[in-house]
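Every read-out reported here was derived from the displayed coordinates using simple, explicitly stated rules and does not represent laboratory data. None of these values were measured; they are calculated from a predicted model. Using ideal geometry, Cβ is built from the backbone for each residue, glycine included, and neighbour counts are taken over all protein chains shown.
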Amino acid sequence: MTRRTQLPDKLFFKIGEVADIVGVKPHALRYWETEFPALRPKKTRGAHRQYSRKDVELAMLIRQLLHDEGYTIPGARKRIRDLGRHQRSSPPEPRAQREVALRAELLGLRQQLAELLDDFSSARSEPVEAAPLQVTVHKVVPVTVKRGPEA
């Protein structure tokens, strides 16, 4: 099997395309899915696998570790896990930073709302009577329509 070095500019890839890019047969990719928890392509309604760019890059790394560097499957799994920890400890990407900032802002708003609710609840010493609810009921009448000539 030949390997491609450039990934096509696509969002999702079929298993045959990934096999060509990575340089392995499709059955190897299916096996790797059972051995590497991070390799989880989406499946369509027809149960066809759709690999994301991240999945393809991970499959390329798995191939490199197993075939080029001689790792065993457990060793490659550990190496990938260690690489994931290293990447998580590096500074977050700009998008991730925005998400962290938004989360912090939302948590702050949540706290303010909780405080306002407490203030409102303690300010009300007596229960307030609700205004009567007006409901309009419409009657549905079935209608029968006959078609065709009447004899």
Amide proton proximity set for residue 50, modelled H, under 5 Å, gap of 5+: 42, 43, 44
Per-pair calculated FRET efficiency, R0 = 25 Å: residue 109 and residue 54 via Cβ, rounded to 0.05: 0.20
Added length on full extension, which subtracts the Cα-Cα distance from 0.36 nm per residue, residue 72 to residue 144: 18.4 nm
Length gained when the stretch residue 45-residue 7 is fully extended (0.36 nm per residue, less Cα-Cα span): 11.2 nm
